[in-house]
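A.B. asks: What follows is a structure written as structure tokens; I'll ask about it next.
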Amino acid sequence: MHQAHWRKSSFSGTGPDNNCVELAPADGAIHLRESEDPATVIRTTPRPLAAFIRAAKAGVFDNLR
């Protein structure tokens, strides 16, 4: 993967302990990683990512612990 421009939510803050999921468009896909483990990258496409975000907003994953 070439140089990606990683972005994270403004809700995560800016301090060193504000880890979160980061996203970057690259190579025709969407790449996801956790900021505390940037070497591990998951690749997806916009459609399944949008479905996941809709489900998260609807509370589908609220009971996962």
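The values are calculated or read from the model by the stated rules, or taken from the named source; none is laboratory data. Everything quoted here is computed from the prediction, not taken from an experiment. Quick reminder, even Gly has a Cβ in these numbers, built from the backbone with ideal geometry, and neighbours come from all protein chains shown. Please note that ligands, DNA and RNA were not included when accessible areas were found on the heavy atoms of the full protein model with its side chains. Shrake-Rupley method; radii C 1.70, N 1.55, O 1.52, S 1.80 Å.
A.B. asks: Among N18, F61, Q3, whose Cα sits farthest toward the positive end of the charge dipole of the chain (+1 at Cβ of Lys/Arg, -1 at Cβ of Asp/Glu, about the Cα centre)?
C.D. replies: F61
A.B. asks: Can you compute the charge dipole magnitude of the chain about its Cα centre, using +1 on each Lys and Arg Cβ and -1 on each Asp and Glu Cβ, nothing else charged? Give it in debye, rounded to the nearest 20.
C.D. replies: 340
A.B. asks: Another question, if that's okay. Return one whole number: the accessible area per residue of the chain in Å², for a 1.4 Å probe.
C.D. replies: Heavy-atom accessible area per residue stands at 80 Å².
A.B. asks: Using 7 Å Cα-to-Cβ label points, what is the D27/N63 separation (nm, one decimal)?
C.D. replies: 3.8
A.B. asks: Using alpha carbons only, what's the Rg to Rh ratio of the chain with Rh from Kirkwood?
C.D. replies: Working: Rg = 12.8 Å, Rh = 13.1 Å.
We get a ratio of 0.98 for the chain.
A.B. asks: In addition: Carbon and sulfur atoms: what percent of the 1.4 Å accessible area of the chain do they account for?
C.D. replies: Working: 2880 of 5210 Å².
After summing per-atom areas, the C and S share lands at 55 percent.
A.B. asks: Give me the extension gain from T14 to E34: residue separation times 0.36 nm, minus the current Cα-Cα distance, reported in nm with one decimal.
C.D. replies: Stretched out fully, the T14 to E34 stretch lengthens by 5.7 nm.
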